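Before any comments, here is the structure.
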Amino acid sequence: MTRPTPYLVRMLIFLVLVAGVAGALFPALRSAFANNPPLNALILVVLLLGIVWNLRQVVRLFPEVRWVEAFRQSGARPALVSMPVPRLLGPTAKMLAARTGKSREGTERVTLSAPAMRSLLDSIASRLDESRELSRYMIALLIFLGLLGTFWGLLRTVGAVSEVIAGMSVGSGDLNTLFDQLKSGLEKPLHGMGTAFSTSMLGLAGSLVLGFLDLTASQAQNRFFNELEEWLAGLTRLSSGVLGAEAEAPVP
């Protein structure tokens, strides 16, 4: 089976590029982060957790691939007992251990029926889909946090503008005083706009990063699932349909 090393390398290279871009834009990002530190810090924490989770989804495939390769090389019940049982292929390991039988030459072989193979594949596909749900939720959460900061900043902007308009005194007729009041009053609305745009930028950028990592992890899992399906298809036997005979043939 193909090891998921190329997918892991691709993810690490992408993270290095993202870190380089963030380092080049660090002064602008620091000023944007200062507009709303609590919410922006929460976005960065969610982004970090999503990165770790997606890397874990690829790393956890390595012991599964090693187990399948070791089993294909040995293919006997004693080898199954000595191997550490993987987490994702735990039910598969138990069923293969129970399905070990004798071939016509007297050697041990593993056979599966078509319903048993489909049951194994459905179980593995369900576990893979369950592991992807958290990553997709984190992507949606980053977008939601960005929109939340946007509306929060707009509400602060609208409230600050209304305060500026209410505090302006035009009865004096002094234009210099009027412009000074307008200048000092626009600080709060501009701060609210900075909050809105900074959280939107960080949330959308974080969702973009996690989206690429989730796509790469899904490709690694799909590659593993397809190769596992091809291997199990070689172990699956179909009845020839002759009464009184137990002739079997591999699934094409």
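The values are calculated or read from the model by the stated rules, or taken from the named source; none is laboratory data. This structure is a prediction, so every number in the text was calculated from the model and none was measured. When we count neighbours, we look across all protein chains shown, and the Cβ atoms used for this are built from the backbone with ideal geometry, even at glycine. Heavy atoms of the whole protein, side chains included, go into the accessibility calculation; ligands, DNA and RNA do not. Shrake-Rupley method; radii C 1.70, N 1.55, O 1.52, S 1.80 Å.
Quick look at the numbers
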| quantity | calculated |
| --- | --- |
| Test: residue in region 44-52 that is over 19 Å from Gly149 (Cβ atoms), assigned to a helix (DSSP H, G or I) and open to solvent by 60 Å² or more (accessible area, probe 1.4 Å) | yes |
| Only one of Asn36, Asn40 that is modelled with pLDDT under 85 and under 30 Å from Met193 (Cα atoms) | Asn36 |
| Search result, residues across region 96-117 that are open to solvent by 20 Å² or more (accessible area, probe 1.4 Å) and either modelled with pLDDT of 80 or more or aliphatic (A, V, I, L, M) (or both) | Ala97, Ala98, Ala114, Met117 |
| Single match in Val68, Val81, Val85, Val45 (criterion: at negative phi, modelled with pLDDT of 85 or more and of a type in the set (Val, Ile, Thr)) | Val45 |
| So Leu238, is it at pLDDT below 85, part of a helix (DSSP H, G or I) and surrounded by fewer than 16 Cβ atoms within 10 Å (Cβ to Cβ) | no |
| Residues (β-branched (Val, Ile, Thr), modelled with pLDDT under 90 and either over 20 Å from the mean Cα position of the chain (by Cα) or open to solvent by 40 Å² or more (accessible area, probe 1.4 Å) (or both)) located in region 121-167 | Thr150, Thr157, Val158, Val161, Val164, Ile165 |
| Residue within region 35-44 that is closer than 17 Å to Ser218 by Cβ, in contact (Cβ under 8 Å) with a residue 12 or more places away in the chain and not hydrophobic (A, V, I, L, M, F, W, C) present | no |
| Failed criterion for Pro27 (all others in (1) more than 12 Å from Gly206 (Cα to Cα); (2) open to solvent by less than 60 Å² (accessible area, probe 1.4 Å) hold) | (2) |
